[in-house]
Structures are given as structure tokens and as C-alpha cells.
Amino acid sequence: MAPDLTPGVDELIASWRDWMQRRDALSTSDIVELEGHLRDRIDALATAGLTEDEAFLIAVKRLGTIDELSREYAAEHSGRLWKQLVLADETGIEGATDVPSGGLPLMRRANGLAVALLLGVGAGIAVKAADLLTGDPELVFRNIAVLVLPFLAAWFAWRRRPPLATIVGVAASFAVVALALNLYPFDGGSSTVTVASQNSATAVLATIGSIAALWLVTGIVDAGGEWRSDRARMDFVRFSGEWLVYYVLIALVGGALSGLTVAVFGSIGVDVLPFIGEWVLPCGAAGAVLVAAWLVGAKQRVIENIAPVLTKVFTPLFTIMMLALIVAAVVQWNLADGSRDLLIAFDLVLVVAVALLVYSISARDPELAPGWFDRLQVLMLAAALVVDVVVLVAMVARTGEFGWSANKTASLGLNLILLANLAWAWWLQVGFVRRRVPFGTVERWQTSYLPVYLGWASIIVLAFPPLFGFA
Amino acid sequence: MRIGKDLVAAAATPVVLGILADGESYGYAILQRISDLSDGELAWSDGMLYPLLHRLERLGHVESEWRQSPAGRPRKHYRLSAQGATTLAEQRRQWSVIGGVLDQVWPGGPDDRHPRIALGAG
């Protein structure tokens, strides 16, 4: 046998291996096995007098076409076509370890479940400890971002190893927010221990703002400190979308399981509802943040992102909803007479519009020419803009009647920020559809807008409570 | 002459099990052996053997183990299991019934070589 092949054959085999790896039906160990076969065949043919290139060509041909081969493998391993979640990873690792380590191209799988679980338990304990120490659910709720998100930041820090300066900066932001949330005398002093009392409006706003701001700050750790990079920002946007999907799934299943537990124990006369409510729910909700984050990382290469799929499904429906709203508003002509919650409702509409836009951008192939979906997005953005401008004009004109409360100012600010984003995004999208604007510009606009959200959220946390007298 | 696809598919399992009954082997060597035994007439795309081996492994007819080839490459060796031996014996009985029937249906066939299906007994 001629064991030492020239680099030429090694390169040919490497590119063949790349091709094979794209087939879902073939696992890494299958490809190793086939590669061994291929090399045996090449050696035999080369010994028979063929040049190694010729031997490679014949050997590959004799293996059969990739399509046929992958069909055969798929018939035997049909489960592989359904990319498996957690379990598949483990069998993947086992399947990999029984291959001797002969320089095998084993795919490195995202791991660290143990770390994520540990941090998740930490987040749960943090929430529960704060609850037990203060005995004030309102206070715990207000601090939820400060209690849970450091663990997510720690998870990112463990995975990305950002520079120390980043960690210090992020920790400082957490500290500032924590100080603001706890030292501001919301609603006449935070010493009120009355449970289930309504928070002051600024406190609620600060809570929401702190979640948004610290989530974005956590993203800086995920970016490994390179928060100026568009790629890193877009990756964090992708992470956020997937995380939300997994979190909702975990919450649904967790809720169903809790309900089942209560029902089952109830049937034998044991009331576990207090236990579920006081321990399982807070710890589980906090821990799930980390588990969902781990899932996103572990599944990054295995499963197609779900958020863009939802975007594809819901963009047409959302557009229809917007157009119907315009028609209804014209027919009724009373859009402006709506309740005071109208502005908040339209903030949500714009958030949905931005999310639909961003997540379709996040999954779009930059090389692709503009198609029907991009045109549909132009229509969606235009409809959302028209509706929102009508609402805004009407609301601002009536400000005198309602006055500038904290809630109203916050939602008006958010509305303007989103409106500005969508207006320019619409303009860029029109340019993109007419092939005057490259896709990179459309994408960069959204990523470069992220600091604006961070800024507004910070203002709501830090500046609003004093401005509005902690009301 | 090439043997038809369906017949190859039907014969593949007993042939592979039969070869493994002689001792453990690996994909390339099994194919070489089949090729030698049938003068190249019983043949299919090389790659197709592996899904078959995996199926036999899943059914418990063979066991596998990763070893190193003399050239230092990883190589998966397959070995007949006790259950595989039982299956092979059963298949052998079935094939000899078919072989016997065919022998009687075609007395003094076109040539006096052994019926190809007897390969399975190899």
C-alpha cells in the first residue's frame, strides 16, 4: 500500500468531505467511515498504476452519487432528518468518542450545559434570596433585571471571554441601574411594605426600562466587547429573537407541567399551589433565562432560526391588519378619539413592525436580489407609518387634555424613536427594492439604531423618576 | 452480465452476513470479497454497503468497533453477533429452498455453474 498520499489527494478528499458534511443524513462518523473506504480504494487503484487524481475520481464514482448515497443513509437513519435537540447532541458526542482520535474532523459542539444550569440555579437563588431577604415582592419585581441578567452576562462572559474592560464597564452599568432602582424614593419612599400595591408609574417604567437597557448591555458581553461591530450587533439581535422563542416555549411547557402537578397533588388532597407559586415559578422563570440562552448557543448550527420563519409567516398578516386598520380609520374617522392607551398600543404596533423588519433582515441572504417579500415589507412599513402618523398627530394635538404624564412621555418618546427608525428604514427599503441601495445599508441602519434604544431606556430608568417626582 | 437491482438488494443481507461469518471485517474488504466471489457480477455502488451495515447493526445482527488501519486511519470493523448467526442460518435455509426450487424449475440450466444465489452460503 502507498500510505503517504500527496497533498493533492488530501485536498481533494477534504473538499469531498465538505460536500458530504452538508448532507443531514450523514453523521460525522459515517463520513469518517466513507473516507476510510475512499482512501483504501484510492490506495488500491494507485498501486494498480493509476495516478492519484485518477484514482480519486474513480473511487468517488464508485462510492455512488451523493444524492443516492444520502438517500440510502436517510432511509436507514430517518431520525437524522429531524434535527434533534438536546439528545442528539449527546449521542453525537458518544458517536464521536468511539471514533479513535486520528485527526478526525469532528464538529465542535457547543457545550457548557453544566455552566448554564449552574448559572440558572444561581439566578433562581438570587431572585428567591432577594424575595426572602426583603419580603417585598414589589421590590424584587422592580429589580428583576438586576437580579437575573448578571447571570446571563456571566454566561456570555464564560463563552466569549471578553476583555476585562468590557466586564468592568458592564458591571458598572448594572451597578448604576441597581442603585437608581433602589435608592430613588419611588412613590414617597420605598419602605412601604404593603404587598400587591400598585407601583408608582415611574417605578414601572424604570423596571421596563431597566430590562431593556440591561438586556442590550448584556449584549455587549455577548459581542465580546466589540459592540461597535455590525456583525456582533446583528448576532445579538438574532440571539434575542431565538432566545425569546425558546423562553416562551419553556414557559408554556413549564406552566403546563406546573398546572398538572397542582392538579395531581390536589387530587390526593395535597395543596402544592403555594410551593409552586413561591418557589417553582420565580426560580424556574429566572433559571429558564439561562437555559434558553444555552439552547440558542447549542442549537445555533443545528436548527434553523425560528424567529425569521415566524417573520415570514406574520409579515403578510400584519400588513393586512395594518391596511384594514387604515380603511377602518377612514370609514370611522375617529382614530384620534381613542382611549389614552392608544399610544401604548401603537408603540406595540411599531415594535412589531420593527421586529418583523429586523428579523427578516437578520435571516436574509445579502446576495439575493430584492423579491416580492421585500416589496411586501415596503407596503407593511408604509402602512404602519401612515397609521402611526395619524395617531401621533391626533395625540399630540390633544396633549393639553391629557397632560404630560410619565407614561405618556415615555410612550411618546418610544413612538417617535420607532417612527424615525421605520421612516428611514422605509426609505432605504424603497431604495433597496429599486436596487439603488445595497442590502448592507439596510442592515446597518438597524444595527446602528440599537444604541438609540439603549439611550431611551437609560433615560427612562435614570432621568424619568426624578423628572416626574417619583410619581 | 450484471445481476438485477432487486436481486442484488435481496441477496445483499445474506451475502454480507455470510462474509462476516468467516470473521470480522470492514466495508472495503467486504466489497472486495463480494467482488472476488462473484467475479465482479454481484456489485453495487460502494457507498451503499454502509447504510446496509448500519441497518444490520441496528437490528443487532452485527456489532461494530472502531480500529486503526495499518496506515493509521480510523476504520470501523463489523462482526457477526449471535443473533446475526441465527438470522444467517435462517436465511440460508430460505435461500436453499429457493435454490432447490429453481434448480428443479430449470433443469440443466444455461450453464452448469452454481446458482449465484448460493453465494449467500459463502
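Candidates are the residues of the stretch A:177-193 that are loosely packed, with under 12 Cβ neighbours inside 10 Å and among the hydrophobic types (A, V, I, L, M, F, W, C); the one that is modelled with the highest pLDDT is A:Leu183.
Taking each residue of the stretch A:28-56 that is more than 12 Å from chain B (Cβ to nearest Cβ) and looking for partners that are of a type in the set (Ser, Thr, Tyr) and surrounded by fewer than 20 Cβ atoms within 10 Å (Cβ to Cβ) with beta-carbon atoms closer than 8 Å, six or more apart or interchain, yields A:Glu52/A:Thr6. Scanning the stretch A:22-64 for residues that are farther than 19 Å from B:Arg67 by Cβ and among the acidic types (Asp, Glu) turns up A:Asp24, A:Glu52, A:Asp53, A:Glu54.
Residues checked against (1) in the same structural domain as A:Ala363 (by TED's automatic domain parsing); (2) modelled with pLDDT of 85 or more; (3) of a type in the set (Lys, Arg):
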{"residue": "A:Ala384", "(1), (2), (3)": "yes, yes, no"}
{"residue": "A:Val393", "(1), (2), (3)": "yes, no, no"}
{"residue": "A:Gly400", "(1), (2), (3)": "yes, no, no"}
{"residue": "A:Gly403", "(1), (2), (3)": "yes, no, no"}
{"residue": "A:Ala410", "(1), (2), (3)": "yes, yes, no"}
{"residue": "A:Trp424", "(1), (2), (3)": "yes, yes, no"}
{"residue": "A:Val430", "(1), (2), (3)": "yes, yes, no"}
{"residue": "A:Val433", "(1), (2), (3)": "yes, yes, no"}
{"residue": "A:Thr447", "(1), (2), (3)": "no, yes, no"}
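Can you name the residue in the stretch A:19-57 that is under 19 Å from B:Ser45 (Cα atoms) and β-branched (Val, Ile, Thr) and, of all such residues, is surrounded by the fewest Cβ atoms within 10 Å (Cβ to Cβ)? Checking each candidate, the answer is A:Ile31.
For the stretch A:67-81, check the following and say yes or no: at least one residue is closer than 17 Å to B:Ala43 by Cα, over 34 Å from the mean Cα position of the chain (by Cα) and in a loop (DSSP other than H, G, I, E, B). No, there is no match, as no residue in the stretch A:67-81 is closer than 17 Å to B:Ala43 by Cα, over 34 Å from the mean Cα position of the chain (by Cα) and in a loop (DSSP other than H, G, I, E, B). Counting the residues of the stretch A:211-249 that are out of contact with any helix residue (DSSP H, G or I) (no Cβ under 6 Å at 6 or more places or on another chain) and of a type in the set (Phe, Trp, Tyr) gives 1.
Do the conditions hold for A:Arg238, that is, is it out of contact with any Leu (no Cβ under 6 Å at 6 or more places or on another chain), of a type in the set (Lys, Arg) and in the same structural domain as A:Asn182 (by TED's automatic domain parsing)? Criteria met by A:Arg238.
Run down A:Leu428, A:Leu414, A:Leu385 and say which single residue is crowded, with 16+ Cβ neighbours inside 10 Å, within 24 Å of the chain's Cα centre (by Cα) and part of a helix (DSSP H, G or I).
A:Leu414
Specify the residue that is farthest from B:Arg75 (Cα to Cα); the eligible residues are those in the stretch B:3-28 that are in contact with a Gly (Cβ under 9 Å, 6 or more places away or on another chain) and outside any helix (DSSP H, G or I). Selected residue: B:Asp22. If only residues of the stretch B:78-87 that are crowded, with 17+ Cβ neighbours inside 10 Å and not in a helix (DSSP H, G or I) are counted, the one that is nearest to the other protein chains (Cβ to nearest Cβ) is B:Tyr78. Within the stretch A:431-467, being in a loop (DSSP other than H, G, I, E, B) and over 15 Å from A:Leu181 (Cα atoms) holds for A:Arg434, A:Arg435, A:Arg436, A:Val437, A:Pro438. Take A:Leu26 and tell me if it is within 44 Å of the chain's Cα centre (by Cα), hydrophobic (A, V, I, L, M, F, W, C) and modelled with pLDDT under 90. Against the criterion (within 44 Å of the chain's Cα centre (by Cα), hydrophobic (A, V, I, L, M, F, W, C) and modelled with pLDDT under 90), A:Leu26 qualifies.
Looking at this structure, is A:Gly92 within 14 Å of chain B (Cβ to nearest Cβ) and either touching a His at 6+ places or on another chain (Cβ under 8 Å) or at pLDDT below 85 (or both)? Answer is no for this residue.
Scan the stretch A:224-273 for residues that are charged (D, E, K, R) and free of Cβ contacts under 8 Å to residues at least 40 places away in the same chain and jot them down. Scanning the stretch A:224-273 gives A:Glu226, A:Arg228, A:Arg231, A:Asp235, A:Asp271. Within the option set B:Glu41, B:Glu24, being in contact with a His (Cβ under 6 Å, 6 or more places away or on another chain) and either among the small types (Gly, Ala, Ser) or within 25 Å of A:Ala59 (Cα to Cα) (or both) holds for one residue only, B:Glu24.
Could you please find all residues in the stretch B:29-76 being within 11 Å of chain A (Cβ to nearest Cβ), in a loop (DSSP other than H, G, I, E, B) and not charged (D, E, K, R)?
At the first step, the residues of the stretch B:29-76 found to be within 11 Å of chain A (Cβ to nearest Cβ) are B:29-32, B:35, B:43-59, B:64-76.
Then drop every residue that is not in a loop (DSSP other than H, G, I, E, B), which leaves B:43-45, B:69-73.
Correct list: B:Ala43, B:Trp44, B:Ser45, B:Ser69, B:Pro70, B:Ala71, B:Gly72.
For the stretch A:199-245: of the residues being hydroxyl-bearing (Ser, Thr, Tyr) and part of a helix (DSSP H, G or I), which is farthest from A:Ala285 (Cα to Cα)?
Among those residues, the one meeting the criterion is A:Thr202.
Of all the criteria given as (1) within 14 Å of chain A (Cβ to nearest Cβ); (2) at pLDDT 90 or above, the one not satisfied by B:Glu90 is (1).
Which of the residues spanning the stretch A:338-364 are among the aromatic types (Phe, Trp, Tyr) and modelled with pLDDT of 85 or more? Don't jump to the end; show me each part of the working.
Quick first cut of the stretch A:338-364, residues among the aromatic types (Phe, Trp, Tyr) only: A:346, A:359.
Matches in the stretch A:338-364: A:Tyr359 only.
The values are calculated or read from the model by the stated rules, or taken from the named source; none is laboratory data. Owing to the predicted nature of the structure, the values given are computational and were not obtained by experimental measurement. We place every Cβ from the backbone using ideal geometry, glycine too, and count neighbours over all the protein chains shown.
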